[in-house]
1. Across the stretch C:183-197, which residue is farthest from C:Arg172 (Cα to Cα) among those that are small (Gly, Ala, Ser) and open to solvent by 40 Å² or more (accessible area, probe 1.4 Å)?
2. Taking the stretch B:209-224 on its own, how many of its residues are at the interface with chain A (Cβ under 7 Å from one of its Cβ atoms), surrounded by fewer than 23 Cβ atoms within 10 Å (Cβ to Cβ) and under 18 Å from B:Ile137 (Cβ atoms)?
3. Tell me yes or no: at least one residue of the stretch A:173-182 is surrounded by 22 or more Cβ atoms within 10 Å (Cβ to Cβ), in contact (Cβ under 8 Å) with a residue 60 or more places away in the chain and in contact with a helix residue (DSSP H, G or I) (Cβ under 9 Å, 6 or more places away or on another chain).
4. Quick one: count up the residues across the stretch B:37-53 that are open to solvent by less than 10 Å² (accessible area, probe 1.4 Å) and either among the small types (Gly, Ala, Ser) or touching a residue at least 40 places away in the same chain (Cβ under 8 Å) (or both).
5. Name every residue in the stretch B:118-130 that is crowded, with 24+ Cβ neighbours inside 10 Å, in contact with a helix residue (DSSP H, G or I) (Cβ under 6 Å, 6 or more places away or on another chain) and over 17 Å from C:Phe246 (Cβ atoms), in order of residue number.
6. Taking the condition of being touching a Lys or Arg at 6+ places or on another chain (Cβ under 8 Å) and open to solvent by less than 10 Å² (accessible area, probe 1.4 Å), how many residues in the stretch B:66-94 meet it?
7. With the condition kept exactly as written, say whether any residue in the stretch A:81-90 is closer than 25 Å to A:Phe144 by Cα, within 12 Å of another protein chain (Cβ to nearest Cβ) and touching a residue at least 12 places away in the same chain (Cβ under 8 Å).
8. Name the residues in the stretch B:183-224 that are without any contact (Cβ under 8 Å) to a residue 12 or more places away in the chain, more than 18 Å from B:Gln19 (Cα to Cα) and within 18 Å of the chain's Cα centre (by Cα), would you?
Amino acid sequence: MDTSFASSSPTPLLAVDRQPGYWFVRLNRPEKRNALSDELVAGLAEVCEHVAADLEARALVLSGAGGHFCAGADFGRFLELMSTTPGQADDPIAVYNRQFGAMLERIAALPVATVAVVTGSAMGGGCGLAAACDRVIAADDAKFAMPEVTLGVAPAQIAPFVVRRAGARRARWLMLGGARLAAAEAQAAGLADVVVPVTELRGALGTDLLRLGLAEPTALRATKRIVGRTLEDPLPVALDAAAREFAGLLRHGAAREGIVASRERRAPSWQPPPPRLPEFP
Amino acid sequence: MDTSFASSSPTPLLAVDRQPGYWFVRLNRPEKRNALSDELVAGLAEVCEHVAADLEARALVLSGAGGHFCAGADFGRFLELMSTTPGQADDPIAVYNRQFGAMLERIAALPVATVAVVTGSAMGGGCGLAAACDRVIAADDAKFAMPEVTLGVAPAQIAPFVVRRAGARRARWLMLGGARLAAAEAQAAGLADVVVPVTELRGALGTDLLRLGLAEPTALRATKRIVGRTLEDPLPVALDAAAREFAGLLRHGAAREGIVASRERRAPSWQPPPPRLPEFP
Amino acid sequence: MDTSFASSSPTPLLAVDRQPGYWFVRLNRPEKRNALSDELVAGLAEVCEHVAADLEARALVLSGAGGHFCAGADFGRFLELMSTTPGQADDPIAVYNRQFGAMLERIAALPVATVAVVTGSAMGGGCGLAAACDRVIAADDAKFAMPEVTLGVAPAQIAPFVVRRAGARRARWLMLGGARLAAAEAQAAGLADVVVPVTELRGALGTDLLRLGLAEPTALRATKRIVGRTLEDPLPVALDAAAREFAGLLRHGAAREGIVASRERRAPSWQPPPPRLPEFP
């Protein structure tokens, strides 16, 4: 862990390693299997602001310390919340739950690529945290679960992110049955993209990050925006916006360098040095 | 078939077996391969009302008597309809067709899990009836078909339900080519979720229903609503609604029992007895 | 190539072979690997008008002359465009880019089935051209690539079409990493539907076209419209429109012939002769 970037970490519950082009963020509450306390959720939201402001960043890599990715919500906190009184306008339980969803929204809206490296368990909210990322690399002994309905609650904030990955039909079925999935099953359901032995997690991540390093960062951000709009806008509106993005990129100096580098069969000038990868788990 | 619940059956064309937590509904027009007469469609819509009103229900299981799931529309009825005269406001053919779609909408909107067990043929409208369910368990010799275009008609009301399962690209291609699919092909296309030998249908269904029995029924209903909204609402709106659902569940007594049962490693109090499963076919 | 239909070709950059029920269109700029010049894009858009006007047409088949499907945009044209000056209202780069997207929209909106036969490379815009089709049949040594971000530009106009095929998650990841995919990888990602050795391309295409030939052409067009609306309209609105389409088809003479032919176990009267298939590559 590079201590020179320790100042980027808004809470000791997160270990943040900023490198040129890449951010490595580790949930660091191993004694609770990285269960999502209010402070941890707020810390993740704050890290997103730092990453979004780093115009050289290509990727954010999320992982969990101590062998597990994330155990999801704190049940102790649930019991505590049950004894609160709902206000006239707001129920503190709804506010609590929505804040977690707002953090997932920020991750999903990040202008850079997001990668979750899942070891051990990704339970409930942890499953949603992984699902909000663009890429999920899982250890072959990792476990994904959405046991909410069997506890009398619901996979509320994570549902849209799981639906985007697994599709509504599969996501609904998994949620209604309180699914517990081995890594291979999670991959078949679209919740994991790559499944490898723990010893190969670094290699798989390294391959992905080197590939992302070839991307010109302004173009990478434009591409994330363009894909985001295809989900929200009617087709002609999305295409109009994409044409403006395209014009902006071509008038930006980088496109000329990219085309020339391609013709000269050399790496483009913007490629960052290979990152120092964390150890897993 | 449990005769004590026979009163729930709105027509002899449906055999309805209501058990604690589960409804088993069998299309019962075997001499016509369970083709969808107007009465059968109306009966299915009415059963949906009963199921929706049963707050203990976890699942509705649909199957077909006599070896086939459902042959789709009645061609005799098509020929009859061709000789009607369209009104100024309404065409009786459109009204007929739309009523079938309204029944599919009710099945898709049910607040409980829906499972189709497909033996023999699921043709046209029968393919759509299965597609409208959350889960399709098919016998390995089952056949799915959408031959409409080869007959000069279109898979009109079933299209959205098939698209939701297979995706627009695959659904379109299957429909344009009047597809006839073996069970394994239907599974590859997303039209079936599980394919097993006929002798293992009961086992596969039983496993699914036991899993659904672990769900607290209020939480199961909330989860279906939450997933439904992710398809209709913008992300922040869906997350706001989900937070309110979550608060409602936590203030409902069941969540406390669920968390306590989980900590005590015992089954929660709401689990129904294992259902008596029908024979297939 | 049937010269009797040469008049349908709006530019020598396209070889057009119109047969009863089928249109075969080949990109014909082999010295540039069929890179998409302005003239080629305009020609494709014009061919779409002819195909849409042919009420007997079931399918348009797109392929590339000289071994490659399509190399995408012309980099020389990009460099030329960089030296233009943006107007107050319009940037000529955005106009150029959007015209390509408008052509893809026309292909995607065609009232007949669209099939891309991909040999060699489908790069960038060429990858999008294939993705806009209903069906992609690829040679097993074909390559698909979206290298835009590595050149400092973005897969702007093709993004929605790639997203529709691969899903947003996979499409985004491929685009952010400047993906280069072998045919089997493209198939796994949803960018190709069928992958066969080059020598079997004709056979695979022939099977598809014979199947489409069984479709009554009015019913085929209605089915494409119905599926299109499921993507754009709320469910009840889409079902209302589908019911009207269904009534129109049943009042159209062809449905009676279709049902009678089916009962008599003979081919319906509308089936065109088997097409003469092009050679690949």
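The values are calculated or read from the model by the stated rules, or taken from the named source; none is laboratory data. Predicted model, so just to flag it, every value in this text is computed and none were measured. In this analysis, Cβ positions are derived from the backbone assuming ideal geometry, glycine residues included, and neighbour counts consider all displayed protein chains. Quick note on the areas: whole protein, heavy atoms, side chains included, nothing else; ligands and nucleic acids left out. Shrake-Rupley method; radii C 1.70, N 1.55, O 1.52, S 1.80 Å.
1. The initial filter retains those residues of the stretch C:183-197 that are small (Gly, Ala, Ser), namely C:183-184, C:186, C:188-190, C:192.
Going one step further and asking which of them are open to solvent by 40 Å² or more (accessible area, probe 1.4 Å), we end up with C:184, C:188.
On the way: C:Ala184: 19, C:Ala188: 15 Å.
The qualifying residue farthest from C:Arg172 (Cα to Cα) is C:Ala184.
2. 1
3. Looking for residues that are surrounded by 22 or more Cβ atoms within 10 Å (Cβ to Cβ), in contact (Cβ under 8 Å) with a residue 60 or more places away in the chain and in contact with a helix residue (DSSP H, G or I) (Cβ under 9 Å, 6 or more places away or on another chain), one finds none in the stretch A:173-182, hence no.
4. Number of matching residues: 4.
5. Result: B:Val118, B:Ala122.
6. Selection size over the stretch B:66-94: 2.
7. Filtering the stretch A:81-90 down to residues closer than 25 Å to A:Phe144 by Cα leaves none.
No: zero hits.
8. B:Thr223
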